[in-house]
Each structure stands twice: as C-alpha cells, then as structure tokens.
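Contents: one structure, followed by commentary.
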Amino acid sequence: MENSRKPLNPWVSMWTKPRATMQQIIDENPDRLVILLAVVAGFSQALDQASVDNRGDHMEVPVIFIMSLVFGPVGGLIGLYLGGFLLSWTGNWIGGVASARFIRSAIAWSNVPIIWAMLLWIPELLLFGEELFTSATPSLEANPILATAMLGFGLIQVTVGVWTLVVFFKCLGQVQGFSAWKAVGNSLLAGLVIIIPVFVVAFAIGLVTG
C-alpha cells in the first residue's frame, strides 16, 4: 500500500515537527532554498543587531536598512558555509554522519521561525519608529502603553530566538544521526575550533607586546 501521509509544509511544520520536517527536506532536495533562507536570515539578524547596538544614534533608519540589506546577507552566507564545514568536521569526531551540504540545509531551514518573526518589524516600525534603533526613547518614556507594547514585542522576539535555537539543534541532530543534546555538543566543539586558536594568538601577541 502506498504511503498516503500528507507532505509537511516546512514553513509551518518546522515550528512543531523540526526533525520530521528536516528529514523530508533532506529526502526531497537538501539544496532547496538554502541560499535564499541564509540571505534573508542574515538580513534579519543584521537588523536585530543594529537595534541592540543603538545604531540610530549616529545613522538614519533608511541607512540602517540599506547597510543591513548589504552586509546581513553576506554574514548569513559566511555563517552558512563556515558553519556547514565546521559542524560536519567536528560532528564526525562524535559519530555524526552528515556532509557539509546536509548541515547547510539544517542551518538554513532552522531559520524559519526567525524569518516569520520579521513580520513583527512592520507594527514595530509603525509604533516606535526610529526609537527602535536609538538609546534615547522619549516617546516610549512618555507613553506607558507604548513602553508596554515594546516590552511585549521584545518578549516575543526572545521566545522566537530561543525556539529557533531549539529547532536548529533538532535539525542538526536529525541530519547527523544523533540527539539534539549531542547536537549541542557538536556546536560547542565547532565553536571551540574557532575560539581556541583566537585565544592562543591573542595570548601570544600579549606576551610579545607585553
């Protein structure tokens, strides 16, 4: 009997069934939309970072969007390919089976919650304007309702960010053939591969210049 199970829509199912969704993507086409997802997620993360860094203190909002649109996708692609390589390499040390290609798919598709969350920028810009990017927030300070709304949006974004991380570990675990907890270890190893050489070089420079 043929399997009549309805295919998952990854734009919806990635929220609640990340492992099954990731497996379906790998089975059908692991390269599907990978570059586009990384580019859009990079843009989103660049905007978020601009808000955290209060770049509106010395930059107009349109310039912030243009800079994010230029440099965000570049960062997204660098993270996609560097992450794919490092996670495949270090994952192999602990029994991972995924190639860099499959891991890039997991990295890209785990950004689905972040991409959905970009819709929040529309009401945020309408409500808060340039104060999304500035350290001074006179309108928010003068209006408790706006301040409460800003807090609410912030909580939603934090929740989405945390869940995106959970989705990523589940997707990485699925393609690597191990648990999400082991995927956390895989990610920590990949981070250490970058951090340790940087620390060693910085320590050596400190000894020489000191």
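The values are calculated or read from the model by the stated rules, or taken from the named source; none is laboratory data. None of the values given here were measured: they were computed from a predicted structure. A quick note on method: Cβ atoms are made from the backbone with ideal geometry, for glycine too, and the neighbour counts reach across all protein chains shown. These area figures cover heavy atoms from the full protein model, side chains too; ligands, DNA and RNA do not enter into them. Shrake-Rupley method; radii C 1.70, N 1.55, O 1.52, S 1.80 Å.
Evaluate the following for Trp109: is it at pLDDT 95 or above and open to solvent by 70 Å² or more (accessible area, probe 1.4 Å)? It would help to see each step written out before you state the result.
Details: at pLDDT 95 or above: yes; open to solvent by 70 Å² or more (accessible area, probe 1.4 Å): no.
Taking the combined requirement at face value, the residue does not satisfy it.
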- All but one of (1) within 19 Å of the chain's Cα centre (by Cα); (2) without any contact (Cβ under 8 Å) to a residue 12 or more places away in the chain hold for Thr209, so report the exception by its number. (1)
- Task: Identify the single condition in (1) of a type outside the set (D, E, K, R); (2) closer than 17 Å to Leu80 by Cβ; (3) part of a helix (DSSP H, G or I); (4) touching a residue at least 60 places away in the same chain (Cβ under 8 Å) that Ala46 does not satisfy, given that it satisfies every other one.
- Result: (4)
- Does Ser105 count as in contact with a Pro (Cβ under 7 Å, 6 or more places away or on another chain), hydroxyl-bearing (Ser, Thr, Tyr) and under 19 Å from Cys171 (Cβ atoms)? yes
- Query: Restricting region 18-41 to residues that are out of contact with any Lys or Arg (no Cβ under 9 Å at 6 or more places or on another chain) and among the charged types (D, E, K, R), which is surrounded by the fewest Cβ atoms within 10 Å (Cβ to Cβ)?
  - Reply: Asp27
- Query: What number of residues within region 1-35 are free of Cβ contacts under 8 Å to residues at least 24 places away in the same chain and either assigned to a helix (DSSP H, G or I) or among the β-branched types (Val, Ile, Thr) (or both)?
  - Reply: 7
- Query: So which residues in region 193-206 are open to solvent by 60 Å² or more (accessible area, probe 1.4 Å) and either in contact (Cβ under 8 Å) with a residue 24 or more places away in the chain or touching a strand residue (DSSP E or B) at 6+ places or on another chain (Cβ under 6 Å) (or both)?
  - Reply: Ile194
- Look at region 157-191 and say how many of its residues are among the hydrophobic types (A, V, I, L, M, F, W, C), open to solvent by 70 Å² or more (accessible area, probe 1.4 Å) and either touching a residue at least 40 places away in the same chain (Cβ under 8 Å) or not in a helix (DSSP H, G or I) (or both). 1
- Are any of the residues in region 98-106 open to solvent by 70 Å² or more (accessible area, probe 1.4 Å), at pLDDT 95 or above and either hydroxyl-bearing (Ser, Thr, Tyr) or more than 16 Å from the chain's Cα centre (by Cα) (or both)? yes
- Please name all residue pairs, on different chains or six or more residues apart, with Cβ atoms under 9 Å, provided the first residue is in region 120-142 and is in contact (Cβ under 8 Å) with a residue 40 or more places away in the chain and among the polar types (S, T, N, Q) and the second residue is open to solvent by 20 Å² or more (accessible area, probe 1.4 Å) and part of a loop (DSSP other than H, G, I, E, B). Thr134/Asn54; Ser135/Asn54
